[in-house]
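Beneath this line is the structure, given in structure tokens, with notes to follow.
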Amino acid sequence: MAKNTSKSYRNQVMYSIFVRNYSEEGTFGAVRKDLDRIQALGVDMIWLMPIHPIGEKARKGSLGSPYAIRDYRAVNPEFGTLEDFKRLVDDIHTHGMKCIIDVVYNHTAPDSWLAEHHPEWFFHKKDGSFGNRVGDWTDIIDLDYSQKGLWDYQIETLKMWAQIVDGFRCDVAPLIPLDFWLKARAEVETVRPGCFWLAESVEPGFILLNRARGMTALSDSELYQAFDLCYDYDLLDTYLDCMSGKAPLSEYAAAISRQEAIYPDNYVKLRYLENHDRPRAAHLIPDARALRNWTAFSYFQKGLTMLYAGQEVQSSHTPSLFDKDTVQWNWSRDISPLLRTLAQIKRDPIFTDSTYTVQSRPGDLLVAVHSRGDRKMAGIFSARGQAALVNVDLPNGIYPNLITGEPIEVRDGLVPSTGEPIILKIAE
């Protein structure tokens, strides 16, 4: 784990935006207009997906992927100017939030500035042409981190942006050498003390596949030496198996609890129900009550909670990365009041530093508990949104459900659940 990673990240909420599809305008200015609403959700940090110009060669779709970058040191003119971007970041700061941007350092577009000016910094196939080592990424070419000149250029670029933004989300971070990330973090710290670092860590299967290809493929335990946060893709396959009925919910609960033992004491996981690479939560969980439970659980988990723009209106359509595909803002399905309440609950100090356990109960129920001294925060979540009598290890008493305010009675280790999420604060 990065030595100076603060456990306070576990009390925070991140909001992810793809500028192109966030609004019909698809500009920095349009995001600025919505900052009051975003802040009101209880958001601490906005993550802007790649803001840079997109390559034209080998584009996917009509506009290309933002992850096929042409120039790391410029902004996409479709979004606005550099001054427009700086105004957006300034306004984010004025609203009391931080701003991080995407860092896509494994690869560039085939027609990137770097490919033109420093072809020696790229991976080349046996015939000498540019190439990439992950076959379905046909719109990009891989960089070669055996070239130390590349390290200097990339770190100088990070230091340039760190004068404006508060941190970075690093795309497929495991495919880049750990020593590079360690050096980058140390040097950026001289420009932006306390810079925030989020690694897009990957699924265990993807790590093993790339290691078999002879590639660098870092585990979460390695990434945590340089990064403050990792994705929870280490749980993804188990989660999907449980959602599809291939595995019992107990396997997912056990995998979450296991993180407490295998990661450092100050580990922070990025917790989310959806992101730009995955189906929308409302698509995977069409039942509204079940979705409320999973949403509450994502906030209750130990880690920083992320929302993907549109999640607050339960949008079920995942916008395309390659075309203009504006978020479907259906305000008749707005759950912003619930998200505001959950963000307020997440501020409780017990979420900062606790012992965390998750167990399953019959009827597809999850019982999660944060413990610290004589205090507990207990959550009861119905994966299917169904009523049940739930067995819990909590003292008798009547406690308010922090989500709704209604009284919940614990009697002889049993709690009646209507199928709605329950969060109880208990001091013994």
For region 171-199, how many residues meet the condition of being open to solvent by 10 Å² or more (accessible area, probe 1.4 Å), without any contact (Cβ under 8 Å) to a residue 40 or more places away in the chain, of a type in the set (A, V, I, L, M, F, W, C) and in a helix (DSSP H, G or I)?
1
For L304, state whether it is closer than 22 Å to F168 by Cα, open to solvent by 10 Å² or more (accessible area, probe 1.4 Å) and within 19 Å of the chain's Cα centre (by Cα).
no
Cβ pairs under 9 Å, 6+ apart, first in region 403-428 and free of Cβ contacts under 8 Å to residues at least 12 places away in the same chain, second open to solvent by 80 Å² or more (accessible area, probe 1.4 Å)
P407/I398
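Each row is one residue, and each column tells you yes or no for (1) under 24 Å from A74 (Cβ atoms); (2) hydrophobic (A, V, I, L, M, F, W, C); (3) in contact with a helix residue (DSSP H, G or I) (Cβ under 6 Å, 6 or more places away or on another chain).
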{"position": "N4", "(1), (2), (3)": "no, no, no"}
{"position": "A30", "(1), (2), (3)": "yes, yes, no"}
{"position": "D44", "(1), (2), (3)": "no, no, no"}
{"position": "H52", "(1), (2), (3)": "yes, no, no"}
{"position": "K57", "(1), (2), (3)": "yes, no, no"}
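Hey, can you tell me all the residues within region 234-249 that are open to solvent by less than 50 Å² (accessible area, probe 1.4 Å) and either over 24 Å from K3 (Cβ atoms) or touching a residue at least 40 places away in the same chain (Cβ under 8 Å) (or both)? Let's see the steps before the verdict.
Just the residues of region 234-249 that are open to solvent by less than 50 Å² (accessible area, probe 1.4 Å), to begin with: 234-236, 238-239, 242-243, 247, 249.
Of everything in region 234-249, those that are open to solvent by less than 50 Å² (accessible area, probe 1.4 Å) and either over 24 Å from K3 (Cβ atoms) or touching a residue at least 40 places away in the same chain (Cβ under 8 Å) (or both) turn out to be L235, L236, T238, Y239, C242, M243, A247, L249.
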Return the total of residues in region 251-282 being closer than 28 Å to K3 by Cβ, open to solvent by less than 30 Å² (accessible area, probe 1.4 Å) and assigned to a helix (DSSP H, G or I).
3
Which residues, counting only those in region 200-226, are within 16 Å of I262 (Cβ to Cβ), open to solvent by less than 20 Å² (accessible area, probe 1.4 Å) and not in a helix (DSSP H, G or I)?
S201, L218, Y224
When only residues in region 1-26 that are open to solvent by 40 Å² or more (accessible area, probe 1.4 Å) and among the hydroxyl-bearing types (S, T, Y) count, which is farthest from P193 (Cα to Cα)?
S8
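Listed here are the residues, each with its yes/no results for (1) in contact with a His (Cβ under 7 Å, 6 or more places away or on another chain); (2) outside any loop (DSSP other than H, G, I, E, B).
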| residue | (1), (2) |
| --- | --- |
| N4 | no, no |
| G26 | no, no |
| Q39 | yes, yes |
| I46 | no, yes |
| P50 | no, no |
| A74 | yes, no |
| E78 | no, no |
| F85 | no, yes |
| I92 | no, yes |
Consider region 300-349. How many of its residues are touching a residue at least 24 places away in the same chain (Cβ under 8 Å) and not in a helix (DSSP H, G or I)?
27
Does I380 satisfy the criteria of being touching a residue at least 24 places away in the same chain (Cβ under 8 Å) and either in contact with a Ser or Thr (Cβ under 8 Å, 6 or more places away or on another chain) or part of a strand (DSSP E or B) (or both)?
yes
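Here is a yes/no grid of residues against (1) more than 30 Å from I92 (Cβ to Cβ); (2) open to solvent by less than 60 Å² (accessible area, probe 1.4 Å); (3) at pLDDT below 95; (4) in a helix (DSSP H, G or I):
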{"residue": "N132", "(1), (2), (3), (4)": "yes, yes, yes, no"}
{"residue": "G149", "(1), (2), (3), (4)": "yes, yes, no, yes"}
{"residue": "D152", "(1), (2), (3), (4)": "no, no, no, yes"}
{"residue": "F168", "(1), (2), (3), (4)": "no, yes, no, no"}
Give the residue that is farthest from Y263 (Cα to Cα), with candidates limited to residues of region 322-377 that are open to solvent by 40 Å² or more (accessible area, probe 1.4 Å) and of a type in the set (D, E).
D323
Tell me, please, whether a residue that is closer than 20 Å to V327 by Cα, assigned to a loop (DSSP other than H, G, I, E, B) and either polar (S, T, N, Q) or modelled with pLDDT of 95 or more (or both) can be found in region 102-116.
no
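The values are calculated or read from the model by the stated rules, or taken from the named source; none is laboratory data. Keep in mind that what you see is a predicted model, and the values were worked out from it rather than measured. Don't worry about glycine lacking a Cβ; one is built from the backbone with ideal geometry, like all the others, and counts go over all protein chains shown. Ligands, DNA and RNA are excluded from the accessible area calculation, which covers all protein heavy atoms including side chains. Shrake-Rupley method; radii C 1.70, N 1.55, O 1.52, S 1.80 Å.
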